[in-house]
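The values are calculated or read from the model by the stated rules, or taken from the named source; none is laboratory data. Note that this is a predicted model, so its numbers are computed, not measured. Here Cβ is always computed from backbone atoms with ideal geometry, including for glycine, and neighbour counts include all displayed protein chains. The protein model used for the area step is the full one, side chains on, heavy atoms only, and it has no ligands, DNA or RNA in it. Shrake-Rupley method; radii C 1.70, N 1.55, O 1.52, S 1.80 Å.
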Amino acid sequence: MVRPVLKWVGGKRRLIEQIICLFPENYLDRAYHEPFFGGGALFFHLEPNRGSINDVNKRLMNFYRVLKEKPKELIEEASQYIYDKAEYYRLRTRFNEEHLSDVEDAAILLYLNKTGYNGLYRVNSKGKYNVPFGRYKNPRIVDEERIIEASKLLENISINSERFYSVNKHAEMGDLVYFDPPYLPVSETSDFTAYSKSGFGYEDHVLLKNTCLDLDQRGVYFVQSNSYVEPILDLYKDIGFRIEIVQMNRAINSKTSKRGGVNEILVTNIPKKKIDTQ
């Protein structure tokens, strides 16, 4: 099995089997599309042979393009960097400068991902990467075998950096789409229309629902993961989609008391025990 190259907060590694249980039995024969890619845990687990990946984070998608097209250059560049606090902040400053080559940009992103605090990707109001140095025993920054395997897997995959609804341009009848959008918060939900901490608010979730409806009308199968909150449940009730409640462990929270299992939902238009060779 090909393993993800990057760590990514909010990844669905712990939900993979529950998500796959919703897929049609012949899902491996279908084109696969993932519009909110992040670290791509499900994608790398499935190892699809065709489809598309997408994320609005252009630097992240540049990383995957370099990973696909220039894996040896990526390895060579990133192998020059050492795990050191001074080196980390030097490269973070360099990352925030303009006019980096695509390979250097990707290599520094890989380094920061492996050595920054908790593997976070965070920028300030000016768009500058501001994650502090992480303290690890001996982080493996460059895993050559993993990079080469991932590069081969991406060979027939289209890589894009657009809004999530651009999946309509790529997905065809019978294809499979997985949506993992930024979640609405579980608490402080009295006014979702004002929610913008993640840059993905309630109106975006309405647009996502409409995208799911469009895909459904065109015969495209989808699964979406989301938070178990009333505004999201209200969006998807009474429109014919299945809603499955699952439990997800949260390891990252500023308050230890809020770590642990929380309910999430999986929304899909795939009927139970769907076996379709179309």
Inset, instruction - Grab the alpha carbons of the chain, take their convex hull, and tell me the volume per residue in Å³. - result: 135 Å³
Inset, instruction - With a 1.4 Å probe and every protein chain left in place, tell me how much accessible area ARG3 has, in Å² to the nearest 10. - result: 80 Å²
Legend entry - Rg(Cα)/(2.2 N^0.38 Å) for segment 1-155, N = residue count: 1.06
Inset, instruction - Give the residue from TYR27, LEU60, THR211 lying farthest towards the positive end of the charge dipole for the chain; charges sit on Cβ (+1 for Lys and Arg, -1 for Asp and Glu) and the dipole is referred to the Cα centre. - result: LEU60
Inset, instruction - Please go through the residue pairs LYS126/LYS152; LYS126/LYS209; LYS12/LYS209 and name each one whose alpha carbons sit more than 27 Å apart in this structure. - result: LYS126/LYS152; LYS126/LYS209
Legend entry - Most positive-pole-ward Cα, GLY119, ALA107, SER161, against dipole of segment 79-178 from beta carbon charges: GLY119
Inset, instruction - Take every Cα-Cα distance within segment 41-89, group them into 10 Å bins from 0 onward, and report for each bin the whole-number percent of pairs it holds. - result: 19, 38, 33, 9, 0
Legend entry - Average projected area [Cα convex hull, segment 73-135], square nanometres: 4.0 nm²
Legend entry - Span from the segment 116-176 Cα centroid across to the segment 216-248 one, whole angstrom: 25 Å
Inset, instruction - Pairs of lysines 8 or more apart, or on different chains, with alpha carbons under 22 Å: count those in segment 28-115, would you? - result: 8
Legend entry - Residue-normalised accessible area of the chain, expressed per residue, 1.4 Å probe, Å²: 51 Å²
Inset, instruction - Using θ = phi - 60° and the Karplus relation 6.51 cos²θ - 1.76 cosθ + 1.60, list the HN-Hα couplings for segment 169-180 in order, rounded to whole Hz, with x at every Gly or Pro. - result: 7, 10, 7, 10, 3, x, 6, 10, 10, 10, 9, 10
